[in-house]
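Reading through the structure tokens given below for one structure.
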Amino acid sequence: MESANSMSLTGNLEVRFADTTLIDAATNNTPLELTFGYAIDADRRLTFIAHEVYLPKPKLSISGPGGIQATFDWQAAKNTVAGHMLTVQLVNDVVAY
């Protein structure tokens, strides 16, 4: 009996626009690499890299002097070049686990 591997990586990204990079990627169905994380300082941080993220076309809202804001409910896919969907990097003072 074969086991089915099922994985998903999704999230929500709320942005204010400086340019059209994200809208262009969503419109053209072009994948992006998304990096996010948490840092305590330069020597202690946790970083997540989603190698192939697809953005849906968002509904834009224009609110106040801050400019155009959009929310993307993104979904990641397995990247064939990287061979995986997500890389997690932990930097701290522990040599090995």
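The values are calculated or read from the model by the stated rules, or taken from the named source; none is laboratory data. Values in this document were obtained by computation on a predicted structure and should not be read as measured data. Don't worry about glycine lacking a Cβ; one is built from the backbone with ideal geometry, like all the others, and counts go over all protein chains shown. We work out accessible area using only protein heavy atoms, side chains counted, and drop any ligands, DNA or RNA first. Shrake-Rupley method; radii C 1.70, N 1.55, O 1.52, S 1.80 Å.
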Residue in segment 5-24 that is least open to solvent (accessible area, probe 1.4 Å), counting only those that are under 9 Å from A70 (Cβ atoms) and either in a strand (DSSP E or B) or touching a Gly at 6+ places or on another chain (Cβ under 9 Å) (or both): V15
Per-region count, segment 83-97, residues open to solvent by 40 Å² or more (accessible area, probe 1.4 Å) and either closer than 13 Å to T35 by Cα or in contact (Cβ under 8 Å) with a residue 12 or more places away in the chain (or both): 8
In segment 76-97, the residues that are in a loop (DSSP other than H, G, I, E, B), over 28 Å from A42 (Cα atoms) and of a type in the set (S, T, N, Q): T80
